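Have a look at the structure below, then the notes.
The values are calculated or read from the model by the stated rules, or taken from the named source; none is laboratory data. Quick caveat, the model's predicted, so the values are computed rather than measured. Cβ placement follows ideal geometry from the backbone for every residue including glycine, while neighbour counts extend to all protein chains displayed.
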Amino acid sequence: MKFEEFSVTEKAALLSGASEWTSRGNERAGIPSFAMSDGPNGVRCQLGVGDHLGIGVSKPATCFPTAGTVANSWDPALAEVLGKALGREAHDLGVNVLLGPGLNIKRNPLCGRNFEYYSEDPQVAGRMAAGLVKGIQSNGVAACPKHFAVNSQELRRQASNSVVDERTLRELYLTGFEIMVRQAHPWAIMTSYNQVNGTYSHENKHLLTEILRQEWGFDGAVISDWGGSNSALAAVKAGGTLEMPSPGYTSVRELVAAVKAGTLSEADIDARAGEVAKLAKRTHFAGVGRGDLLDDTVARQHHKVARYVAENTAVLLKNDVVSRARSSDGDVACSVLDFGGQVHATSPGNTAAVRSESVNKLCHIAETDSQPSASRVLPLKPGTRVAVIGDMAKTARYQGSGSAKVNATQEENLLDELKKIDGVEVAGYRQGYERHGGKNGVLIDGAITLAAADDTDVVLAVIGIDERSESEGLDRSTMALPECQNELVEALASTGKPVVIVLVAGSPVELPWLDSVAALLYIGLCGQAGASAAARVLTGRVNPSGHLAETWPLKYEDVPSCGWYPSPGRDSIYREGPFVGYRYYETAGVPVRFPFGYGLSYSSFTYSGLAGDENGIAFTVTNDSDVAGATVAQMYVRGPRGGAMRPDRELKGFKKVFLGAHETKTVTIPFDRYTFRHYDVVTGQWKTETGMREILVGDSVEHLPLSVTQMVQGDSDLCPPNPALGHYLKGQIKEVSDSEMTALFGHSVAASGEPTVFGENDPISSWADSRGFVARTIAKTLAKREVKIRQKTGQPDLSILFVLNMPPRAICKMARGLVDSAMVGAVVEIANGRTFRGLGSFIAGYFRNASANRRVAKALGKRGGQG
Ligand code: BGC
């Protein structure tokens, strides 16, 4: 059946969801409804009506490491392995569209959802996301990468305007999406809640039509974030396909009326309806039982995949040399001699069941292999007696909170996993700290006693951030670990025993005690099999090969956007421009705790012999050690001198290199469309300046032993920077003046003041300042209640946070047709203190809306009015 034969109502009905998780189909036209489900690191297929905040029960599924952790592998092939398993589970659970991956740029370490995002760099984010998308879609399930675009804070998440200059937008915030779209061709994409430069993402023609479809060739469906659409009419015109979750028939009526009034062309409706039909067709796999649970064999196999991925993501951040003396009765005594040097990465894993092509490339340290050098504290040597400390050793924390939260099929903990490993003896366990930060001297004393005991050789402390700190809907308030954990680590170090820290966190934390511990293994949020993976890394069964996909600053105050993040008002001004993460630290010369790209290994590697030509570079990497391992070779580009303003160096390519003991390999990294280009705001074009570039190669942004200069023949002369950019030219973004910002943005930028009259797009939290008693009380009571619940349960209350960050317009997008846009107007009256008038209109609106819904339902030939 052709679209011309559809009524406008039928076509418009396809453009909004039928329920929390399903699209509307059209039986007459053979367009099936499709099911959507979170998420990025495991399928969260909800039973029953469902919610989108990770609160309700979902079917058990494998919880894989989160994106921020997977990124530390720097291995897109690994992301593809993970994507294949994820897509398989979605398929088996009856999910047609999987809502992930998340690939927003990590602008500031405090963003509550950073654990769901890959990196501060678009090359890493884009290529890792492309791997995941390819893997998912190989199952006939659509990936739905998110959140397009410039979504960097959770505070006011549905009522925030990201104000960013066009060049930074293109080069930093969009390039990752571009790489992912061009490489992996996702069948869907999710728009972000926020506005970008004053226009909601879901109705942003510049983003959705000019860039996404016309420039990058995206041919799929654009799905709104849940409750993230604004005007249905503006969305359809701009290229926004599907409003989720369920505005009922409100949007249908608005679209039909607009076509009748001539303010919307039917061709636009046809285009969007065609996109829905195409997605339904692409993901319509047969033979799936919607009520099915995951098959046990698949679940067991995927637990191994989760472990394999986790093994390849652990980042060894410190590993000191210790002296070892064994007494005649076999005791091992260790003391710290010096700090670990710059030795580097590897990747093993021996999960035969999940071996793929990429896995086969990997090298293993089999249990029977000779143990790596005995001089460093890690790997733990056979016979070592380990005191295990820390609540998170016994009750693992392995994922974040919110819509990405998975109901795992299995759980592990490090204490039990270490006990299973031959050769390591667990001398005892102590809790050490209260998980949610309470002061408890007794717990610290207990831990010290065990650590100081004569038969303890090494102290292994598992510490990290708790569940309430890293979540959708909430930004972290500090980069510090809970004080009780910092005190514990200092106390353990004072025993003189070598202290090994295993750190659990989805984002960087401050490490004031780093100098006093012997080793630090960062395992991120490593999924349901993360504990066994960590045990295998700690004991040398696996050689760590992760490298950081984001910079770890010394302290929060060093973060470029620290002075203006998160924005409490409507406008969030990206004042720092392109100087995010290492782009700032390297340009402004600010020292960091661990640089971008950094990671140690039980092997050591030598880089040599760099040569370049117009197509790319080649160099040699040698594994100088007796154990197989992997390093992450990174290519940065500097210059051209005298050309457009740029950060000091930018990552333009990388390769994970797997090497057997003493093996040497030649590595090539080709140049591509992203290597030398910059976005010219005057012409609105990508340009490549003709001139010399410096190409730097090494294994972190600060360890680049190889360099070569390369003449690049571009399509433009040098574009000297505007001197009015002032401090930006040296990356000194904390000093920039208003006029320098004007030079960057091309117009003067000032945050709009807070409203005195509340509109449909002001979040409910802002009603705390309303002159209306009812509105004020609602906002204040909700805020107080959330804090209370968080203190009591240790978990953020996502429902309350969602409501507080939500503007009234979102109510009608989520109410399954019970509330229409006129009723939202009534809510706005209440917000502004006209309580009785508002209530009256709301009640009258309820009946008017119900009968309008019945009319649409009739026109669609259905029963009941809320579809
Ligand atoms: C989140 C999305 C998620 C959606 C559905 C929203 O609140 O921002 O990432 O996919 O809910 O759960």
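Tell me the strands (runs of 3 or more DSSP E) entirely within region 526-624 that contain at least 2 residues that are within 25 Å of the chain's Cα centre (by Cα) and either on the phi < 0 side of the Ramachandran plot or not assigned by TED's automatic domain parsing to the domain that holds VAL500 (or both).
Values: elements: 571-573, 592-594, 605-613, 616-623.
Passing ranges, in order: 571-573, 592-594.
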- Task: Check SER737 against each of (1) surrounded by fewer than 17 Cβ atoms within 10 Å (Cβ to Cβ); (2) at pLDDT below 95 and name the one condition it does not meet.
- Result: (2)
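What residue, among those in region 132-152 that are in contact with a helix residue (DSSP H, G or I) (Cβ under 7 Å, 6 or more places away or on another chain), outside any helix (DSSP H, G or I) and polar (S, T, N, Q), is farthest from the ligand (Cβ to nearest atom)? Explain how you work it out, then say what you get.
Applying the first criterion (in contact with a helix residue (DSSP H, G or I) (Cβ under 7 Å, 6 or more places away or on another chain)) to region 132-152 yields 132-143, 145, 148-150.
Now drop any that are not outside any helix (DSSP H, G or I), which leaves 138-143, 145, 148-150.
Now restrict to residues that are polar (S, T, N, Q): 138-139.
Numbers: SER138: 21, ASN139: 19 Å.
Of everything passing the filter in region 132-152, SER138 is farthest from the ligand (Cβ to nearest atom).
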- Of the residues in region 134-146, those that are surrounded by 24 or more Cβ atoms within 10 Å (Cβ to Cβ) and in contact with a Phe, Trp or Tyr (Cβ under 9 Å, 6 or more places away or on another chain) come to VAL141, ALA142, ALA143, CYS144, PRO145
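For region 491-517, give me the residue count where each residue is outside any loop (DSSP other than H, G, I, E, B) and either closer than 16 Å to GLY437 by Cβ or of a type in the set (A, V, I, L, M) (or both).
In the first step, residues of region 491-517 are kept if they are outside any loop (DSSP other than H, G, I, E, B); the result is 491-493, 499-504, 514-516.
Filter again for either closer than 16 Å to GLY437 by Cβ or of a type in the set (A, V, I, L, M) (or both), leaving 491-493, 499-504, 514.
Residues flagged as outside any loop (DSSP other than H, G, I, E, B) and either closer than 16 Å to GLY437 by Cβ or of a type in the set (A, V, I, L, M) (or both) within region 491-517 amount to 10.
In region 106-131, how many residues are within 16 Å of the ligand (Cβ to nearest atom) and either touching a residue at least 60 places away in the same chain (Cβ under 8 Å) or out of contact with any strand residue (DSSP E or B) (no Cβ under 8 Å at 6 or more places or on another chain) (or both)? Before you say what the answer is, go through the steps one by one.
Restricting attention to region 106-131, the residues satisfying the condition of being within 16 Å of the ligand (Cβ to nearest atom) are 106, 111-118, 125, 129.
Restricting the remaining residues to those that are either touching a residue at least 60 places away in the same chain (Cβ under 8 Å) or out of contact with any strand residue (DSSP E or B) (no Cβ under 8 Å at 6 or more places or on another chain) (or both) gives 106, 111-116, 118, 125, 129.
Total satisfying the criteria: 10.
Among the hydroxyl-bearing types (Ser, Thr, Tyr), modelled with pLDDT of 95 or more, in a loop (DSSP other than H, G, I, E, B) and within 12 Å of MET635 (Cα to Cα), is that true of THR675? Give the derivation first.
Details: among the hydroxyl-bearing types (Ser, Thr, Tyr): yes; modelled with pLDDT of 95 or more: yes; in a loop (DSSP other than H, G, I, E, B): yes; within 12 Å of MET635 (Cα to Cα): yes.
Yes.
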- Task: Residue by residue through region 57-99, note down the ones that are part of a strand (DSSP E or B) and modelled with pLDDT under 95.
- Result: SER58
- Message: Go through region 182-199 and report how many residues are away from the ligand (no atom under 12 Å from the Cβ), within 20 Å of PHE745 (Cβ to Cβ) and crowded, with 23+ Cβ neighbours inside 10 Å.
- Response: 2
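Is it fair to say LEU492 is away from the ligand (no atom under 16 Å from the Cβ) and either of a type outside the set (D, E, K, R) or closer than 29 Å to ILE421 by Cα (or both)?
Details: away from the ligand (no atom under 16 Å from the Cβ): yes; either of a type outside the set (D, E, K, R) or closer than 29 Å to ILE421 by Cα (or both): yes.
Yes, satisfied.
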- Task: Starting from region 596-607, take each residue that is within 19 Å of GLU550 (Cβ to Cβ) and list its partners that are of a type in the set (S, T, N, Q) and part of a strand (DSSP E or B), counting only C-beta distances under 6 angstrom and pairs at least six apart or across chains.
- Result: GLY597/GLN634; GLY597/SER700; TYR598/SER700; LEU600/ASN319
- Counted residues, region 785-811 - those being within 27 Å of HIS202 (Cα to Cα) and part of a helix (DSSP H, G or I): 11
- Task: Write out, first by first residue and then by second, each pair whose Cβ atoms fall under 8 Å of each other, whose residues are 6+ apart or on separate chains, and whose first residue, in region 797-809, is closer than 12 Å to ASN230 by Cα while the second is in a helix (DSSP H, G or I) and among the hydroxyl-bearing types (Ser, Thr, Tyr).
- Result: ARG809/SER821
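Any residue at all in region 205-225 that is among the basic types (Lys, Arg) and touching a residue at least 40 places away in the same chain (Cβ under 8 Å)? Don't jump to the end; show me each part of the working.
Filtering region 205-225 for residues among the basic types (Lys, Arg) gives 205, 213.
Restricting the remaining residues to those that are touching a residue at least 40 places away in the same chain (Cβ under 8 Å) gives none.
Checked against the condition, which is being among the basic types (Lys, Arg) and touching a residue at least 40 places away in the same chain (Cβ under 8 Å), region 205-225 yields no hits at all.
Could you say which residue among ASP648, ASP680, ASP699, ASP715 is acidic (Asp, Glu) and within 19 Å of GLY176 (Cα to Cα)?
Going through ASP648, ASP680, ASP699, ASP715 in turn, the sole match is ASP680.
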- Message: Can you list residue pairs whose Cβ atoms sit under 7 Å apart, with the first residue in region 445-458 being free of Cβ contacts under 8 Å to residues at least 24 places away in the same chain and assigned to a helix (DSSP H, G or I) and the second being buried (at least 21 other Cβ atoms within 10 Å of the Cβ) and of a type outside the set (Lys, Arg)? Count only pairs 6 or more apart in sequence or on different chains.
- Response: none
- All but one of (1) surrounded by fewer than 24 Cβ atoms within 10 Å (Cβ to Cβ); (2) away from the ligand (no atom under 12 Å from the Cβ) hold for GLN46, so report the exception by its number. (2)
- Which number in (1) outside any loop (DSSP other than H, G, I, E, B); (2) within 16 Å of the ligand (Cβ to nearest atom); (3) hydrophobic (A, V, I, L, M, F, W, C) marks the one condition that TRP226 misses? (1)
- Which is acidic (Asp, Glu) and within 16 Å of the ligand (Cβ to nearest atom), of GLU254, GLU203, GLU243? GLU243
- Message: I'm checking my understanding of the structure. Among residues of region 153-181 that are among the polar types (S, T, N, Q) and in a loop (DSSP other than H, G, I, E, B), which one is nearest to TYR582 (Cα to Cα)?
- Response: GLN153
- Task: Inspect region 49-56 for any residue being crowded, with 23+ Cβ neighbours inside 10 Å, of a type outside the set (A, V, I, L, M, F, W, C) and at pLDDT below 95 and give the result as yes or no.
- Result: yes
- Could you please let me know if VAL828 is assigned to a loop (DSSP other than H, G, I, E, B), in contact with a helix residue (DSSP H, G or I) (Cβ under 8 Å, 6 or more places away or on another chain) and surrounded by 16 or more Cβ atoms within 10 Å (Cβ to Cβ)? no
